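A short worksheet on the structure shown next.
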Amino acid sequence: MTKAPQYTPPKVWVWDQQNGGTFASTNRPVAGATHEQPLPEGKHPLQLYSMATPNGVKVTVLLEELLALGHRGAEYDAWLVDISTGAQFGSGFIEVNPNSKIPALLDKSAKEPIRVFESGAILVYLAEKFNALLPQNPAERAECMSWLFWQMGSAPFLGGGFGHFYAYAPEKLEYPINRYAMEVKRQLDVLDRNLASRSYLCGEDYTIADIANYAWYGVLVEGKLYEAAEFLDVKSYSNVLRWAEDIAARPAVQRGRRVNRVWGDEAEQLAERHDASDLD
C-alpha cells in the first residue's frame, strides 16, 4: 500500500471552506437556515420535498406502490429540493426537517400538519398510515423492521464512506477506498446470503425493507451508482442481482425513480410531480 503524506490533526479543528470535493460548497459544520425561502404547497394532503437520490427514491417509489394498490389518499405533490444548490438550507425546508436532508414529508390530512423526516421514518409512517407493505404479524414485522434499519445503519458506509472517497473526494486515497470497499462488499454478501433462500429480504412478500435497500444496493448492483460495479465485482452477488432485477421491473418502481430527477436521460426525468398524469 502506498503511504499517503502524514497528516497531524490540529489541536482544535477549524472548518476549511475550501476543502474541495463535489459537495464542498454546501457542506458546513452548523445547522439552521442560510436564507429565507418558504416551501411551495400543492393540492394534495401529502407534500414531499425531495430529490431523486437513493434516499429520495425510497419515498417516491413507496408512494407510487401505494397508489398502485389503490390507496387514493397516497396522491402527492413532489417538489424538487436541489441539494447541489443549497436549497435544503432554506427556512421553509428547515421547518419540515431541521436536519437539512432530503426527503422531508408534510402530511396535511390531519387537523394539524404532521412533519416527517428521515427516509426510514417516512417509509414506516406511510406504511402504517395505509396499512400496506409492512407486515402485521409480530415476527414478520420485526424481520421487516430489522432489514429496514439495517439499511439505514449500513448505507452511510456505502454513500458517505465508499461513495465519497471513490467518486466525490478531491483526490483518490488508497486507504479509505480500500477500507470502505471492503465494508460494502461485506454488506453485499450479507444481502446475498439472505436472498439465497428468499424472494425478498423478509421472505416471500415485498415490503418497505425491499424498497429501502433497493434504492441503494439494488441500484449499485445494476451499475447505476458511483460507476463502481466493475470495481466492486457486483456480478458475483447473483442473489442480489436477481432480487434487484425483480424490483426494477415493477411499474411503480420505474415511476418512482423518475420523480424529482433532473439529470441523466431526459425521458427518465420529472423535476416535479403533482398528478399521476405527469408520469404518462
Would you call ASP210 acidic (Asp, Glu), assigned to a helix (DSSP H, G or I) and crowded, with 16+ Cβ neighbours inside 10 Å? yes
Which pairs have Cβ atoms under 7 Å, sit 6 or more apart or on different chains, and link a residue in the stretch 176-187 that is not assigned by TED's automatic domain parsing to the domain that holds VAL240 and surrounded by 15 or more Cβ atoms within 10 Å (Cβ to Cβ) to one that is modelled with pLDDT under 95 and in a helix (DSSP H, G or I)? none
Looking for whichever is of a type in the set (Val, Ile, Thr), within 21 Å of the chain's Cα centre (by Cα), surrounded by fewer than 19 Cβ atoms within 10 Å (Cβ to Cβ) and farther than 20 Å from VAL116 by Cα here; the options are THR85, THR34, THR8. Which one fits? THR85
Testing LEU48 on (1) touching a Phe, Trp or Tyr at 6+ places or on another chain (Cβ under 7 Å); (2) assigned to a loop (DSSP other than H, G, I, E, B), one condition comes back false. Which one is that? (2)
Considering only residues that are part of a loop (DSSP other than H, G, I, E, B) and on the phi < 0 side of the Ramachandran plot, look in the stretch 130-166 and name the one that is farthest from the chain's Cα centre (by Cα). ASN137
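Look through TYR206, TYR180 and report the one residue that is under 23 Å from PRO251 (Cβ atoms) and in contact with a Phe, Trp or Tyr (Cβ under 8 Å, 6 or more places away or on another chain).
Only one candidate passes the filter, namely TYR206.
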Just one of LEU220, LEU241, LEU191, LEU232 is assigned to a loop (DSSP other than H, G, I, E, B) and outside the structural domain of THR60 (by TED's automatic domain parsing); which is it? LEU232
Condition first: surrounded by 14 or more Cβ atoms within 10 Å (Cβ to Cβ) and either aliphatic (A, V, I, L, M) or in contact with a Gly (Cβ under 9 Å, 6 or more places away or on another chain) (or both). Now tell me which residues in the stretch 145-172 satisfy that. MET145, LEU148, PHE149, GLN151, MET152, ALA155, LEU158, HIS164, ALA167, TYR168, ALA169
Criterion violated by ASP275 - all others in (1) at pLDDT 95 or above; (2) more than 23 Å from TYR49 (Cα to Cα); (3) of a type outside the set (A, V, I, L, M, F, W, C) satisfied: (2)
Considering only residues of the stretch 21-59 that are out of contact with any helix residue (DSSP H, G or I) (no Cβ under 9 Å at 6 or more places or on another chain) and within 25 Å of LEU220 (Cβ to Cβ), which is modelled with the lowest pLDDT? ALA24
Give the residues of the stretch 110-124 that are surrounded by fewer than 17 Cβ atoms within 10 Å (Cβ to Cβ) and in a helix (DSSP H, G or I), sorted by residue number. ALA121
Members of the stretch 110-148 found to be among the charged types (D, E, K, R) and either under 30 Å from GLU41 (Cα atoms) or in contact (Cβ under 8 Å) with a residue 24 or more places away in the chain (or both), listed by number: LYS111, GLU112, ARG115, GLU118, GLU128, LYS129, GLU140, GLU143
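The values are calculated or read from the model by the stated rules, or taken from the named source; none is laboratory data. Please read all numbers here as calculations on a predicted model, not as lab measurements. Neighbour counts run over all protein chains shown; Cβ positions are idealised from the backbone, glycine included.
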